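Let me begin by presenting the structure, written as structure tokens, before commenting on it.
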Amino acid sequence: MKNKFNKNWNRSKQARKQRKYRFNAHQKIKRKFLSLNLSKELRKKYNKRSFPLVTGDTVKVLSGKFRNHKGKIIAVNKKMMVLIDSVQIVKRDGTKINVPIRPSKLQIIELFLEDKKRMFSLERKMKKQESKTEGAK
């Protein structure tokens, strides 16, 4: 196996190669791995199925021990796991720790719209869709 990251890598059945691809990926590609699906209301509003997550988004846990918990995203750790403010475990000494959750188990309920990059891309895409619908008429 090569040591460098290869953009042209297609797929493999071997789990070790899949893990290696994810861990050695560039930051732009890793950001795409952190895309979450939107709730039904947001899908209708933005005509989009998923968005890359941003710190501050409100999410809902879809599966696992913390199913149906809702909260804001605090951070994303190095292992590409998401930390949510309402998902915590109490240790024996009484301290609370945020539990890391995989992004595939989450759904965005409310978008954090104070992020300038996200707003710019949303406005651009909305204008593009409006021009397509006007051209079709």
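For the stretch 36-64, there are no residues whose amide N sits under 12 Å from a probe point set 7 Å from the Cα of MET119 along the beta carbon direction. Just so you know, the Cα atoms of the chain work out to an Rg and Dmax of 18.0, 66 Å. Multiplying the residue separation of GLU110 and ARG19 by 0.36 nm and subtracting their alpha-carbon distance yields 29.7 nm. Please give the Cα centre distance for the stretch 2-43 versus the stretch 47-110, rounded to the nearest Å. Between the Cα centre of the stretch 2-43 and that of the stretch 47-110, the gap is 19 Å.
Taking the stretch 100-132 and a reference point 7 angstrom along Cα→Cβ of ILE74, the backbone N atoms nearer than 17 Å belong to 100-103. Could you tell me the calculated FRET efficiency between ARG102 and GLU41, based on Cβ-Cβ distance and R0 = 25 angstrom, to the nearest 0.05? Efficiency at R0 = 25 Å is approximately 0.60. Of the accessible area of the stretch 38-137, with the probe set at 1.4 angstrom, what percent is carbon plus sulfur? Roughly 52 percent, rounded to a whole number. Charged neighbours of MET119, selected by a Cβ distance under 13 Å, balance to +3 (K, R count +1; D, E count -1).
What the phi angles of the stretch 106-121 give under the Karplus curve with 6.51, -1.76 and 1.60, with θ = phi - 60°, is a coupling list of 10, 9, 7, 9, 9, 7, 8, 9, 8, 6, 5, 5, 5, 5, 4, 5 Hz, glycine and proline written as x. Each stretch of four or more DSSP H residues adds -39500 (n - 2.57); spread over every residue of the chain, this sum gives -10000 deg cm²/dmol at 222 nm.
Each residue of the stretch 76-81 is assigned a 3J(HN,Hα), and the resulting list reads 10, 8, 5, 8, 6, 10 Hz, derived from the Karplus form 6.51 cos²θ - 1.76 cosθ + 1.60 (θ = phi - 60°), x at Gly and Pro. The residue list ALA15, MET81, LEU38 was ranked by how far each Cα lies along the charge dipole of the stretch 14-137 toward its positive end, using unit charges on Cβ atoms, and ALA15 comes out on top. The residues of the chain expose on average 78 square angstrom of accessible surface per residue, using a 1.4 Å probe on protein heavy atoms.
Here the convex hull built on the C-alpha positions of the stretch 58-137 has a volume of 132 cubic angstrom per residue.
Taking every DSSP bridge with both residues inside the stretch 1-134, close to 90 percent are antiparallel. Residues VAL87, VAL99, sorted by accessible area with the largest first, give VAL99, VAL87 [1.4 Å probe; ligands and nucleic acids excluded].
The values are calculated or read from the model by the stated rules, or taken from the named source; none is laboratory data. These figures come from a predicted structure and were not determined experimentally. All Cβ positions, even for glycine, are placed from backbone atoms using ideal geometry, and neighbour counts span all protein chains on display. For accessibility, only protein heavy atoms count, side chains too; no ligands or nucleic acids. Shrake-Rupley method; radii C 1.70, N 1.55, O 1.52, S 1.80 Å.
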